[in-house]
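Structure first, then comments.
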Amino acid sequence: MNPISRRFFLGVSSAALAATAAGFSPALAAAPAGEAPMLKALVDAGKLPPLAERLPENPMVVTPLTEIGKYGGTWRSAIVGGGSLSMLFRYQAYEPLVRYNPEWSGIVPNVAEAYEANEAGTEFTFTLRKGMKWSDGHPFTTEDVMFWYEDVFMNPDIEVTNQDHLIVGDDKAIFSKIDDQRFKVSFKSPNGLFLLLLAWADSDQTARFPKHYLSQFLPKYNPDADKLAAAQGMSGWVQLFQKKSGAALEDDFFLNSEIPVVHPWKMKVAPGESTENAVAERNPFYFKVDTAGNQLPYLDAINYALVADAQVLLLKALQGDIDMIDQYIGTTTNKSVLYDGQAKGDYNFYTMIPTEPNDMVICLNMTHPDKVKAELYSNKDFRTGLSMAIDRQALIESVFVGIGVPSHAAIRKGDPLYNERLATQFTEFDLAKANEALDKVVPKKDSEGYRLDASGRRVTIVFETDQNRQAIVDMLQLAMPMLKAAGIDGQLRLMDRSLWEVRIRQNMDYDATTNRFGGGGGLAALLDPRYFVPFNDNAFYAPGWQIWYGDKNAANAVEPPQQVQDALKLYDAMKSTVDDAERVELFKQILEIAADQFYSIGIKTPNEGFGIRKNNMRNIPDKILNSFGYPAPAPTNPEQYFKA
């Protein structure tokens, strides 16, 4: 990924960026020219306004990857095991004010047709598209943005998620309306990463809260909101609003098939409304067109098969029942099976380029409510002992056919920010050194050779993980006997992804979990340094610390050690500065502290992944960056995918 200049961080040259960025070509904008036959039929029947009345005055123009597409068809995909529905941002719901370009080298206008910033990085002005509409035809204006800001974000009764980009230090952003199309976001201090963080997969909620729909659930607009909640079996208006809006839990957003959206497809049958499928159907008021003036998307719908597990997904792919997918299927063990099944399944492969720092990161919960466990997991000697007890090369040989290099979660080698100590310390397999480190902390053992903690209990670590992340499951199963050899009773608790989200994100009492996402270099590392500083709820190694960082008075907040507090202050400074060189130096200091602290235990550098696509699917790149923050494949514009 290319470095981003100060002009990119601030958006000073927004007009020039808008004119040249991939996927947005205002010079090619044309008068509305075409629409899907299913919509044309509704127009002819008088059930839908003409295309010119459905599009904004200045629709966003998307340049097709290789060719102008044709309308029709359904994209067949899958949701595995009722897993996290946030993955739907990848396919149908990535429409923030500004979005990442396909190369992830910067941002382009999106819902906002233009943006400006002052030189200090404290004021950002956005211009919405005049005439843009929600999927039900209601106008989308700054009234909706201000509704979200005043009645949701600033409402102490409502919980919102992933809004760190709007907070600098202890101060929240201030939104002010200029007119129906323009609004300003102001900060008391510089916020140099604001625009780049705003484009993150699920960060920007300003275009997800239709006032005309959601206001009915707030007492300010509806005195009977509590009665409405009671009628739906809710405890009160707060629970009802959270459920209908998805302000705190993104799954709730996708479970509501009623809420109007600005996305290319809208849920028609939400997950849970059917036991077999979830269906998203085209939005007739979608604000984008191709370079010939044809309204997007090309595909009529997305059909998500609700499959029990990754094995069922594999079988569906082999049978030719999946049009495009990479999540839960692109494993090393699946590659040979899928390769052999290409002809019968009528599909081919595309490459997923890794941006994450590791294929499996083990996170011991250093802020466990059990004080004995918290003290044990927080002991660096204990973590280094566990690390050296793991034979990484054996895991690489068995799970990844020998491809990969032992490493912790770190910036990739070759990146200017690479920190060798962070990447390589304690990665060598040495059982003698492992026992030496562990003996410093838990020297006593029971009759079976298991170590005993300070309270006399056997040292048992329960690793809770997503059962459908097969490579991670395979590595953990191989690692458990290795830990036993060092006197540690390691146990696996496999669960559905939806349960994992509850257990790990909403509870504090897990022993350990695993993860593989986050940034491993370039822009990805700057925007998602989850393993290098505990700044958000992806810091699974210390949930109490990240809660403390967000709110020192919160119930589960745990004050971190001084060096970690120093790292959080450096992160604040890194996020605020508008000087690229200063940002790099601040990040280097954060990485040094991460090496000192040794927060987590990694296994190996990530390999290239893959996805499958049916042979008749068009305008899909051969290579796609793999990240949730860059919610692959969304920045490659799925609205211009089509079936030949």
Task: Lone unmet requirement of (1) out of contact with any Gly (no Cβ under 7 Å at 6 or more places or on another chain); (2) under 21 Å from D528 (Cβ atoms) for P190 - done: (1)
Task: Subset tally (residues that are surrounded by fewer than 24 Cβ atoms within 10 Å (Cβ to Cβ) and touching a Leu at 6+ places or on another chain (Cβ under 6 Å)) for segment 399-422 - done: 1
Open item on the list: For the list (1) modelled with pLDDT of 95 or more; (2) closer than 30 Å to T291 by Cα, I need the number of the one condition that Y599 fails.
Closed with: (2)
Task: Residues that are within 20 Å of M366 (Cβ to Cβ) and buried (at least 20 other Cβ atoms within 10 Å of the Cβ), drawn from segment 572-592 - done: I590, L591
Open item on the list: Scan segment 487-507 and tell me whether some residue there is open to solvent by 10 Å² or more (accessible area, probe 1.4 Å), without any contact (Cβ under 8 Å) to a residue 24 or more places away in the chain and among the hydroxyl-bearing types (S, T, Y).
Closed with: no
Task: Among residues of segment 629-644, those that are part of a loop (DSSP other than H, G, I, E, B) and crowded, with 21+ Cβ neighbours inside 10 Å, counted - done: 6
- [ ] Name the residue, out of I403, I396, that is of a type in the set (V, I, T) and in a loop (DSSP other than H, G, I, E, B).
- [x] I403
- [ ] Filter segment 171-204 down to the residues that are of a type in the set (V, I, T) and surrounded by fewer than 23 Cβ atoms within 10 Å (Cβ to Cβ), then identify the one that is farthest from V584 (Cα to Cα).
- [x] I178
Open item on the list: Considering only segment 597-619, I want to know if a residue exists there that is under 30 Å from I325 (Cβ atoms), in contact with a Phe, Trp or Tyr (Cβ under 9 Å, 6 or more places away or on another chain) and among the hydroxyl-bearing types (S, T, Y).
Closed with: yes
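A quick yes/no check of all residues on (1) touching a helix residue (DSSP H, G or I) at 6+ places or on another chain (Cβ under 8 Å); (2) of a type in the set (K, R); (3) crowded, with 20+ Cβ neighbours inside 10 Å:
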position	(1), (2), (3)
K344	yes, yes, no
L364	yes, no, yes
D370	no, no, no
K380	yes, yes, no
A394	yes, no, no
Open item on the list: Can you pull out every residue in segment 41-73 that is among the charged types (D, E, K, R) and either farther than 17 Å from S135 by Cα or touching a strand residue (DSSP E or B) at 6+ places or on another chain (Cβ under 8 Å) (or both)?
Closed with: D44, R54, E67, K70
- [ ] Among the residues of segment 160-183, write down those that are of a type in the set (S, T, N, Q) and over 26 Å from the mean Cα position of the chain (by Cα).
- [x] S176, Q181
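The values are calculated or read from the model by the stated rules, or taken from the named source; none is laboratory data. Predicted model, so just to flag it, every value in this text is computed and none were measured. Using ideal geometry, Cβ is built from the backbone for each residue, glycine included, and neighbour counts are taken over all protein chains shown. Calculation scope for accessible area: heavy atoms of the full protein, side chains included, ligands and nucleic acids excluded. Shrake-Rupley method; radii C 1.70, N 1.55, O 1.52, S 1.80 Å.
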